[in-house]
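The numbers here are math on the coordinates, done by the rules we state, and not lab data. Treat the numbers as computed from the prediction; the structure is a model and nothing was measured. Positions of Cβ are generated from backbone atoms using ideal geometry, with glycine treated the same way; all protein chains shown enter the neighbour counts.
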Amino acid sequence: MHDNVRVCEHAGFCFGAGRGVESLDKALSEKETIYTYGPILNNDKLVESYAQKGVRVINDVSEFEGLPKGKVIIRAHGVSKAVYEAILATGMEITDATCPFVKRIHNIVEQHSKDGERIVVIGNPKHPEVLGIVGWSVSSATVIETEEEARNFSAKEGEKLCIVSQTTFNRKKFDEFLEILGKKGYNMSVMNTICDATRVRQEEAEKMAKEASVMLVIGDEKSSNSRKLYEICSQYCDHTYFIQTVEDIKGKLPPTDGLIGITAGASTPRYIIEEVQSYVRHDF
């Protein structure tokens, strides 16, 4: 029995992730033919559980050809305007479970680009959320992921910039990049679109990692916000482990009488967090 185990208050599903899963569960309860555009969340275990219930993941609109009509759940990450319209054109019914915080960014990008501003997105250019955001700009958008890219960025004379962020981007890095761009003297309108759930998770994880002997970060490797939690915790706790399920830590944790801290990404189901917590509390 290990008594000194704590789970971050806001570990696990964020509002957008929970909303997407609720939309999928509701559609399943209505016995419909269900598709999700991309995995409902970046969590393989969760996606596998839905596949066993008959949910099919579609990664490109062309895959709908020849499939029976049904309902398409657009996941919390959202999609580009072109993809949304292409799904609509297939005749499929759409349930748009795009996170409202992401949808807000779509609206900002669409409007500001229509007003002639150049869109700059701070985030991972390969992440589905960022691909969707870029796809709502009426002109080409620039994505900046690294400090080097921020330093090398240049705007045309007189060009106005609209800067937004991937909702799960590291807040400290975002502020650093803004400082770099600001020193260039550009005319910028900055929209701080890192969602509050991300900020709270990152701050909680950092605080706990500073106290913990062992820190467990639960999430899928494809989950951007989970990886960032791991990066933050690793800075303050030498024994930080990035795991997907309880199986990843069995027999691998160092002996300790100190605090074992647990946090989890926004796409991690509650039952996985509870399994990990139970293991370290009772069986470790």
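Roughly speaking, what is the stretch gain from residue 271 to residue 6, that is 0.36 nm per residue apart minus the C-alpha to C-alpha distance, in nm to one decimal? Numbers along the way, then the final one.
Numbers: separation 265, 0.36 × 265 = 95.40 nm, distance 1.58 nm.
93.8 nm is the gain from fully extending residue 271 to residue 6.
State the extension gain, in nm to one decimal, for the chain segment bounded by residue 187 and residue 247, taking 0.36 nm per residue of separation less the distance between their alpha-carbons. Mind showing how you got there, number by number?
Working: separation 60, 0.36 × 60 = 21.60 nm, distance 5.10 nm.
Gain on stretching residue 187 to residue 247: 16.5 nm.
Please list, or write none, the aspartates and glutamates whose alpha carbon is within less than 15 Å of the alpha carbon of residue 184, excluding same-chain residues fewer than 8 places away.
147, 148, 149, 157, 159, 175, 176
Rounded to the nearest 0.05, what FRET efficiency do residue 49 and residue 211 give with R0 = 35 Å and r taken as the Cβ-Cβ distance? Could you check? Don't jump to the answer; show the numbers that get you there.
Details: r = 34 Å, r/R0 = 0.97.
About 0.55, to the nearest 0.05.
Which aspartates and glutamates, if any, have their Cα less than 18 Å from the Cα of residue 210, not counting same-chain residues under 8 positions apart?
Hits, sequence-local ones excluded: 9, 231, 238, 257.
Rounded to the nearest 20 Debye, what is the dipole magnitude of segment 168-284 about its Cα centre when Lys and Arg each give +1 and Asp and Glu each give -1 at the C-beta? Intermediate values should be presented prior to the final figure.
Details: 16 positive and 18 negative charges, 92 e Å.
Value, rounded to 20: 440 debye.
Using the Kyte-Doolittle scale, which helices in the chain average at least 1.0 and also have C-alpha atoms spread 20 Å or more along the helix axis, with helices defined as whole DSSP H runs? Working shown, then result.
On the way: long enough: 15-29 (21 Å, 0.00); 100-114 (21 Å, -0.76); 196-211 (23 Å, -1.69).
What comes out of the filter, once short or polar helices are dropped, is none.
Of 92, 191, 208, how do they rank once you tally other Cβ atoms within 10 Å and put the fewest first? Intermediate values should be presented prior to the final figure.
On the way: 92 19, 191 14, 208 23.
In order of increasing Cβ crowding within 10 Å: 191, 92, 208.
Taking the Cα centre of segment 15-99 as the origin, how large is its charge dipole in debye, to the nearest 20, when only Lys and Arg (+1) and Asp and Glu (-1) carry charge on their Cβ atoms?
With Lys and Arg at +1 and Asp and Glu at -1, about 160 debye.
Below 16 Å, Cα to Cα, which lysines can residue 103 reach? Residues fewer than 8 away in the same chain don't count.
Within the straight-line cut-off, residue 103 pairs with 81.
Which entries of 172/207; 114/173; 45/250; 114/156 show an alpha-carbon separation above 26 angstrom in the structure shown?
Details: 172/207 15 Å; 114/173 28 Å; 45/250 18 Å; 114/156 18 Å.
From 172/207; 114/173; 45/250; 114/156, over 26 Å: 114/173.
Give the dimensionless ratio obtained when the Cα radius of gyration of the chain is divided by 2.2 N^0.38 Å.
Details: Rg = 20.5 Å, N = 284, 2.2 N^0.38 = 18.8 Å.
My calculation over the Cα atoms of the chain gives 1.09.
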